[in-house]
Every structure is written in C-alpha cells, then in structure tokens.
Amino acid sequence: MVAGVVSPVSAVRPIGEWQPTACVLCACNCGIEVQVAEGNLARIKGDKAHPGSQGYACEKAQRLAYYQSNPRILAPMRRRPDGSYEEVDWDVAIAEVAAGLAGVRDAHGGASIFYYGGGGQGNHLGGVYARALRSALGMRFASNALAQEKTGEFWIDAHLFGHVTHTTPDFERAQVAVFVGKNPWMAHGFSHARPTLKAVAGDPDRTLIVIDPRRSETAAMADIHLQVRPGGDAFLLAALLAVLVQEDLLDHVFLDERTENADEVIGAVRDVDVAEYARRAGIGVELVRTAARRIGNASSVSILEDLGIQQAPHSTLNSYLEKLLWALTGNFARPGCTNLHTQFAPGGLVGRSRESRRRTPGTGERVIGGMFPAASIPEAVLSDDPARFRGAIIESSNPVHSLPDSPRMRETMAALHFSVVIDITMTETASCASYVLPALTQYEKYECTFFNFEFPRNVFHLRAPVLPSPDGPLAEPEIHRRLVRALGALTDEDLGGLDAAAKQGLDVYAAAFAERMTARPHLTGLAPIVLYETLGPALPDGARAAAALWGMAQMCAAGYSDSVRRAGFEGDGVALGNALFEAVLRERRGFVFSADDHEVNWEWIRRARPSGRIDLAISELLEELVSLEDEHETVDPDFPFVLSAGERRTNTAMTLIRDPAWRKRDPLGALRMSPQDARALELIDGELVTLTTRRGSCTTPVEITETMRAGHVSLPNGYGLTYGADGPVTGVATNELTESSRRDPIAGTPWHKNVPARIVRASS
Ligand code: SF4
C-alpha cells in the first residue's frame, strides 16, 4: 500500500508548543521552530537560539509540510515477478532481505554488494548504522551523491593537505567574495547566505565576483560577473591565475613559508596567453584582469566552488585551479579566507587518504574519500567482470532519478540479483528494487547532520522527533539492527553485560565497551549496533538512535581535544568525550562543539604532513592545465546548445518534495533560454519545445530570459517525479537526458552542466 497522507499546511490548525528542529531541504540544516497540527508541520520560523543559523531560514523552509506529506510507504514491500509490489510484515521482510543479501555474499563475496546513499540533507544517522550492516556482509564499496559532485575537490584537498579534508570559506569577513559555478542566493552552501551576499554587495570596500555562464540571482548582485562560456571554466581560471603570476600579485612570504612546490605551479601558468584564454572562456580580457587584480590586491579573499564547475568538463582541474587562486595569494588560515574545520564525525571524510588502493570491479574507478564514482554504477553492474556488482543496499537516496542516464540505471537495477531500498516513499529507485523497507521521516525520529562545516566555531545539532510516528515505518537504526541480527552477525552473548554497564553511567559503560571490543575484535565493525543495543536503551527520552553518537563524540574529543575544550568542555580522554556526548543529548537546539583560532589550521596539516606545508603541485593536473593550449571549442552541429541539467531554483528541493502543488511558480520547470536563441528559433515565451540530447528527448515550455548566454539553456532539478501511484509527473526528469560516460577522468563526476542538445519548436 502506498498511502497519501496529511494535507498541506493550509488545511491544518496550529496547536501546541514551538519545538526546535531543523530544515532538511539543503545542507545548511538551519535551525527552525515548528508548531504541529494534525500530524504535520503547521507553523515554521527560524530558531534564533540555534547557534549556527541564529534565526535565519530561507523561504523554502516554509514549505516543509510538503516534505512530510510525501506519499508514504507504510509497510515493507516485496516485488512480485510481474513488477508489482505486495506488502509483507516486518519479520518476513527482514528474514527475506537478510537471506537475499547473504545469498549474494555467499555466492559472489561481500564486495559484490554495493551501498549507495545513507545521507540526504541531514538524514545521516542511517548511514552510521548501515556501517554495521556493511561490515556484517563484508561489503567493500560505497557511493552516494557526493561522488557525483565533490570527490574531485576532496581528491585535490587530500593532495594539498596530505589527507582528505574539507575547507570552508569565511564570507562574513572577506573583503573579496568569489563564487565559482555557485549561486548561493538559491543554493546557499554556507550560513546566512543571503544577508552575507547583501552585505558584501552593498559595501563599496568589498567586492563580489561571480563566475557563472548564467546571470544568476547572485551574479546579478555582483560587482564583477564573469559570464563564462559553458565548458570554458578551466580557461578562465587559468587566465586569472596567469594574471596573478604575470603581474606578481602573489603572496611570496606565504608561498615560501607555508607551501611546497609553488615554483612548479607558477611555471605552468606563467606563459598562459591571458587574452587568448579569456577569448576561449568567452569573456573580455580587461574584465578578467580586473577580477584577478581585485583578488590579488585584497586583504582577504574567500572562494567557494560548486556544481557549476564540478559537473562540467575539466571538473577536477577546475577545482584545482580554484584552490590555487586562494593558495597563490595566501588567502588561507586567516579571517575572511579559506580555513579547514573540525568535523563531529571524523570517521567520515576527514582523515582518509587521498584515494584507496581499491578499484571498482569492471571499471577500475578510484575510491576517493571512501566513495567510488556514482556515475560508474551501470558499468560496474552490467560488465562481464566476474567481480561485478550483483547486489545493492540503497538508503535515503534515489539514484535512478539523480544519477546520469536514468534509462540505464533502470536497466542496472533490473540486472542486480538482489536489491533493497530504505526510504520514506516509493521513489523511482524503490520502484525497481527487490524489497522496499519503509523509514520514518526526519521529523518523526531522532536525526542529525554531519555537514558540520563551520569555522572557527563549529556546531552540532541532534534533533528530537517533533511529530508522532505512524504505524509501520521504522527508523533506519532499527532496520539495520534487525538485519544485522537476522544475518547472525551479532548475538546476545557478544554483548555480555554492556547493557547493565550502561545503566551505571557513561564512565562505567566506556570501560566495559573498550574491554568488550578488545576481547571480541570482530565487534569493531558492528560497533554502531552494539551501542544501539546496549547504550541506546539507557538514553533519556527514547533517544536510542543517538547511541552511535557516543562513539563519534569520543572520536571527535580525541581528534580535536583542544578545540573541544576551547568550546567549554572539560576532562581528558573518555571523560571529555562523555562531556561532549552529554551536550549532544541535552542541547536540543544545537551547540558549539569546537572553537578554534586560525593557527590550528597548520597543526591539522602537520598531522598528515610533518612539514606542515601545503603541497601545491599536482603533476597530473598541471599536465592537463598545459594541454589546455591545444584544446579548442568544438560544437557538434547536431547538438549546438549546451544544456545545464539541474539548476537550483526557488522551487526545487532535489527529490525531497514530490507533491507538485508545492510550487506556486514555474510548475513545469521551464527551459531557460536567451532572447537571441529564442529569436533564432522564432519562439515566444511559454511556447513548447522539444529538446533532444544523445540520450533522450523531452518536451518543455521555454522561459525567455536575459540571464542566459546565447547557446546555453537550463533545466531545473527535482522535477519529473512520480507523485503517488497514479499521480501526475510534472516537468522534466533531467537524467533521462544525460550520459554517464561523459565524466571526469579522475573523480568520475558527471558533466550534468554541459549536455550537448538541440532544440526545435514542439509542433514541428
Ligand atoms: S538555507 Fe537551506 S536549510 Fe536553511 S531554510 Fe533554506 S533550504 Fe532550509
């Protein structure tokens, strides 16, 4: 049964107290307060007491009731041979899913099952507990949406700093703010994006620079908009660097004292023909020089890149060149500049080596930050390699819709011997799975985000449920617990007296836990479920799902002890971790878990690289940079347009909201096109066109707008979703049009922002 539940906000009557929680529609996870009525969020406002967002929330948060009213799956579903689904009870589902996964493992090895997802925007606890399930099955490969966006950037950072880490900008204090392929007015990406943008744009002593082929909302505010040719980012970034080098706008003291191999980089860009590269980027050379001089002469510069360059040709090179802009000018580890930051979940991204020695079966793709390229999944399943993937666990993600080439992803799902999807609704991916296990929404359970990217004060927020949970769905930690138990990977005997120790407090529990892990090393991989089963029941207010956070609090306190102490926590070793965990449980509006000064950046670099210096030279990418000289723009006459597939607009929220009624404007997600192109095609605003790529075709209305360059068109993300069993599908599912083979040679990030296309009037 797939049930539509809960009417949207207009029909509900607000009652009850304001309760703290967070918006889940983007990675910022702004703190909000909500009032609840009739099983849904009825009133929503920014939470001024949230230490990160401090009351800020954009207009999207007001529409969160539509996330909660997604059509729900209320019972586990089993696929019949004819492709339809039938309900089964939980005991049957768990037994059969465990048997299905074990069958694949026993026949082909645990490495033949891949894990996808475990995240979403703040739905992160499931991914933690899934690690135990992955361990129980001997799984070795995982991927998620980050591996079609950010892994190239991670790969660069790992080289620069010695291990995979993550940087954060400081736009509130920056004299010059630069956005590269990023529209923070719509896509945020940092706290208080809109007030910060207004502050920079409104201050004559500060400069806002935007690199974007589209005159986005942010670009329209900018002092300098470099409206780059789609696909020309690498030329533009190389030209900017060349101006810095040729006009000696470098920070030589920083380069001498804080970096290695700067000469190699300087040598690679010194001879770049700035005028020619600016021409190939489609921008006047004087504007390029002006932008570079602003960057080179500023007292502080912060730069943020996003999908506009990460999902475009030369994507990993683009990330490298972007980082060289702040590195060559010494805009690091200072107020208003790029900084590293702590992470509450240090076992996540931070601390991993640049890339694993593992390669994916059949495709030989790199594993970066623990993730293989998501776009390579079809090849890794449909290959003839005996070690190919044959099973999948997919959680809180919708790869059939969100990865390139949806038709091939459906073929991929059909080729798997066994697959299980854990989600709140019957997504496009769930509709292809062997089993679907229903989960609770983020407002019906304990949940948190590990996107804790702030510096110098970083914030963590455990959110308590604000809505009653319906009968049927379970929180992901409980689903993973049941599967681990059904696999026989964990027994009562394994757990010994840990539950009794938990009742005696965290100090006693910590000692008992450490002893147990030493005595039974096979439990290490199962630790999240061990914590859930033993510490979980002793936690207050039913916060059992928070148990795994105790382990993370311990790791965070051990890895960042000084930072945690500066945030006001006391103790040494386990006691410090316990103090941190107690705050996790106590501070329901979030809290500052680490506080730093800028010098700490160098201490963190020294952990991985004893020299404490940033290594600027990446030989593979310097070669690619030099080879740009021989690359010239070519346009396929059959596909003369460049489609950006997946623009973030005010009425898009990935696939988190399915009800098309949530959009008051742009209901079909129009194709944005320049007036020049519209004139050439003799189109009027709102007219239907047929857009065709090498992979597919769609019909869509056009929106004629001066914001687009000639030859560049754009479709939004998050459209083309099914809504209920027989509901309408509105707008274009962009990945019906994209190709998985057009992707970065290093990180495998697909080029969604650069899809060759042709367009004709629909009637023709
Ligand atoms: S910035 Fe992101 S998290 Fe904050 S309210 Fe807007 S959509 Fe929600």
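Assorted remarks:
- Top positive-direction residue, dipole computed over region 634-761 with Cβ charges, set VAL689, TRP751, LEU671: TRP751
- Taking the average, over residues, of other Cβ atoms within 10 Å as the packing measure, peptides 87-98, 420-431 rank 420-431, 87-98 from highest down.
- Gyration tensor verdict on region 594-698 (Cα atoms; rounded if a/c is under 1.5, prolate if a/b is larger than b/c, oblate otherwise): oblate
- Semi-axes of the equivalent ellipsoid for the chain, computed as √(5λ) from the eigenvalues of its C-alpha gyration tensor and ordered from largest down, come to 39, 32, 26 Å.
- Signed unit charges on C-beta, dipole axis of the chain, positive-most listed residue ALA65, SER299, ASN123: ALA65
- Taking amide H positions as modeled 1.01 Å from N, with prolines and chain starts lacking one, the residues under 5 Å from LEU474 and 5 or more places away or on another chain are ALA439, LEU440.
- Across the accessible surface of the chain, with the other protein chains kept in place and a 1.4 Å probe, carbon and sulfur atoms take up 49 percent.
- DSSP bridge pairs, the chain: antiparallel proportion in percent, nearest 5: 50
- The alpha carbon radius of gyration of region 609-664, expressed as a multiple of 2.2 N^0.38 Å, is 2.11.
- Euclidean distance between Cα centres, region 85-138 to region 378-394, Å: 16
- Per residue, the chain exposes 35 Å² of solvent-accessible protein surface, assessed with a 1.4 angstrom probe and all protein chains in place.
- Centroid-to-centroid separation of region 292-313 and region 442-511 [C-alpha atoms, Å]: 39
- Region 315-469 - Rg and Dmax from Cα coordinates, angstrom: 19.6, 53
- Only Lys, Arg (+1) and Asp, Glu (-1) charged, at Cβ; region 614-764 dipole about Cα centre in debye: 900
- Long-range Cα-Cα pairs in region 269-322 (distance over 12 Å), rounded percent: 73
- Using alpha carbons only: equivalent-ellipsoid semi-axes of region 634-761, gyration tensor based, whole Å: 23, 20, 13
- Net +/- balance of residues flanking SER434 in space, Cβ distance below 11 Å, scoring K and R +1, D and E -1: +2
- Amide H contacts of VAL367 (H built 1.01 Å from N, in plane; Pro and chain starts excluded): SER356 sit under 5 Å, all sequence-distant by 5 or more or on other chains.
- Each Lys or Arg adds one and each Asp or Glu subtracts one; over the other residues with Cβ under 9 Å from the Cβ of HIS712, this totals +3.
- Straight-line cross-link reach from LYS753 at under 18 Å between alpha-carbon atoms covers these lysines, not counting any fewer than eight positions away in the same chain: LYS150, LYS182.
- When all protein chains stay in place and ligands, DNA and RNA are ignored, the 1.4 Å accessible-area order of CYS26, CYS556, largest first, is CYS26, CYS556.
The values are calculated or read from the model by the stated rules, or taken from the named source; none is laboratory data. All values reported here derive from a predicted model rather than from experimental measurement. Neighbour counts run over all protein chains shown; Cβ positions are idealised from the backbone, glycine included. Each accessible area value is taken on the protein alone, full model and side chains, heavy atoms only, with ligands, DNA and RNA left out. Shrake-Rupley method; radii C 1.70, N 1.55, O 1.52, S 1.80 Å.
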